[in-house]
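No value in this document is a laboratory result; all are computed from the given coordinates. Note that this is a predicted model, so its numbers are computed, not measured. Note: ideal-geometry Cβ built from the backbone for every residue, glycine included; neighbour counts use all protein chains shown.
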Amino acid sequence: MNTKLSNDEIRIVTPDVKWKDITRGGTISEAANARLFKTGDWRSMKPVWLQEKCKQCLLCYPVCPDTSVLVNEEGMMTGFDYDHCKGCGVCAKVCPFKAIDFVEESK
Ligand code: SF4
Ligand code: SF4
């Protein structure tokens with residue numbers, strides 16, 4: 001059974017929508033659509049990159065469960081994707097050069 005839906009077929013839930021018109025839960029409309037959901041606002045703590053201390057070892061990159069450590073085309077770490085970082089702190093924990101501070105979100 002082909003259950004692939006286009007984004008137009010994903011129905012927006014409004015107060016007046018009937019239950020039969022709601023798109024079934026768990027539907028994945030297209031590959032990598034998780035990036036459309038900005039889940040960074042779940043965060044209470046955030047990593048802060050201290051560029052002057054960073055040695056570009058990239059140990060922080062593979063440990064991030066949200067692919068939120070940003071690496072450019074030259075393979076250089078450039079900061080964080082705060083739209084998706086959940087503030088787990090793993091990147092700060094593994095950085096051997098203390099180049100990632102981990103602070104309260106409001107700071
Ligand atoms: S682990 Fe630390 S030093 Fe290595 S790239 Fe990440 S921030 Fe830079
Ligand atoms: S705090 Fe966690 S989610 Fe955010 S960039 Fe670091 S490892 Fe990724």
Amide H neighbours of Leu70 under 5 Å, counting only residues 5+ apart in sequence or on other chains, H built in-plane at 1.01 Å?
Thr78, Gly79, Phe80, Asp81
In whole Hz, with x marking every Gly and Pro, tabulate ³J(HN,Hα) for the range 49-59 from phi via Karplus 6.51 cos²θ - 1.76 cosθ + 1.60, θ = phi - 60°.
7, 9, 3, 5, 9, 6, 9, 6, 6, 6, 5
Spatially close lysines, pair count over the chain: Cα under 21 Å, gap of eight or more or interchain:
18
Return, in residue-number order, each cysteine of the chain whose C-beta is not under 4.7 Å from any other cysteine's C-beta.
Cys54, Cys57, Cys64, Cys85, Cys88, Cys95
Starting at the first residue of the range 88-97, write each ³J(HN,Hα) from the Karplus equation 6.51 cos²θ - 1.76 cosθ + 1.60 with θ = phi - 60°, in whole Hz, x for Gly and Pro.
6, x, 4, 4, 5, 5, 7, 5, x, 10
What list of ³J(HN,Hα) couplings, whole Hz, do you get for the range 61-77 from phi and the Karplus terms 6.51, -1.76, 1.60, once you set θ to phi - 60° and write x for glycine and proline?
4, x, 8, 6, x, 10, 6, 9, 8, 8, 10, 7, 5, 8, x, 9, 5
Distance from a point 7 Å along Cα→Cβ of Asp81 to each backbone N in the range 20-41: keep the residues under 17 Å and list them by number.
29-41
From the C-alpha gyration tensor of the range 7-104, pull out the three semi-axes of the equivalent ellipsoid (sqrt of 5λ each), sorted largest to smallest, in whole Å.
36, 15, 10
